[in-house]
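Read through the structure below, which is laid out as structure tokens, and then see the notes.
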Amino acid sequence: TVLRATGAFVGRARTDTVAKENIKSLSITMLLSSASESANKGEKNPHVPNVLLVECGFGNDSHGQNATKAARRACRNAIEFNSISIKKIVPGGYDAMKLNVILAVPALYQNTLDLEEVASVFPYGDVKFTIQDGGMVAPSGRIIESLGDKNDDMLIVCAAVQVGY
């Protein structure tokens, strides 16, 4: 099953959960929120009630206008330079670890996100995504059709990954 965030999600909240190998569940929340709003704000039972650390990253796709590629790169950038002893800091270890992933994605390209593909960046944990308007669309200066370009848009996605239990 491929989960795609579609334009129909924007403007109202919706959550879907699916089982996935190595990832106990994948929860996707699409909502319009300002950059200053927390993903857990207003929730009586936040996905990660005990946040241990927050990792940030960014990713881009210079050619091809692929929001999924930029989001994967942003998530990988957020977690790739860390060595964390999850078994020591999360009661229950990897099985109890939860990730709250906030992605700032240009609104024009949110409907192309494949969040199951983005989730594959994380080897462990119960993952929840929150997508908000953000990131950046900048001109790459060139259209290279052989790289899948439809225009000269370069997509930049920002990620904040809360790790906890």
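The values are calculated or read from the model by the stated rules, or taken from the named source; none is laboratory data. Keep in mind it's a predicted model, so treat the numbers as computed, not measured. A quick note on method: Cβ atoms are made from the backbone with ideal geometry, for glycine too, and the neighbour counts reach across all protein chains shown. Side chains included, ligands, DNA and RNA excluded: accessible areas come from the protein's heavy atoms. Shrake-Rupley method; radii C 1.70, N 1.55, O 1.52, S 1.80 Å.
Could you please give the count of residues in segment 70-107 that are under 11 Å from the mean Cα position of the chain (by Cα) and either crowded, with 19+ Cβ neighbours inside 10 Å or within 16 Å of Ile131 (Cβ to Cβ) (or both)?
14
Just give me the residues in segment 133-165 being under 10 Å from the mean Cα position of the chain (by Cα), open to solvent by less than 40 Å² (accessible area, probe 1.4 Å) and of a type outside the set (Gly, Ala, Ser), in sequence order.
Val157, Val161
Could you tell me whether Ile84 is in a loop (DSSP other than H, G, I, E, B) and either among the β-branched types (Val, Ile, Thr) or in contact with a helix residue (DSSP H, G or I) (Cβ under 7 Å, 6 or more places away or on another chain) (or both)?
yes
Of the conditions (1) under 15 Å from the mean Cα position of the chain (by Cα); (2) among the basic types (Lys, Arg); (3) not in a strand (DSSP E or B), Lys128 fails just one. Which one is it?
Here Lys128 clears every test but (3).
Looking at segment 100-127, I want the residues that are touching a residue at least 40 places away in the same chain (Cβ under 8 Å) and have a partner that is open to solvent by 10 Å² or more (accessible area, probe 1.4 Å) and part of a helix (DSSP H, G or I) with Cβ atoms under 6 Å, at least 6 apart or on another chain. Which pairs are those?
Between residues of segment 100-127 that are touching a residue at least 40 places away in the same chain (Cβ under 8 Å) and residues that are open to solvent by 10 Å² or more (accessible area, probe 1.4 Å) and part of a helix (DSSP H, G or I), the close pairs are Asn111/Gly7; Leu113/Thr68; Asp114/Thr68; Glu117/Thr68; Val118/Arg72; Val121/Arg72; Val121/Arg76; Tyr124/Tyr94.
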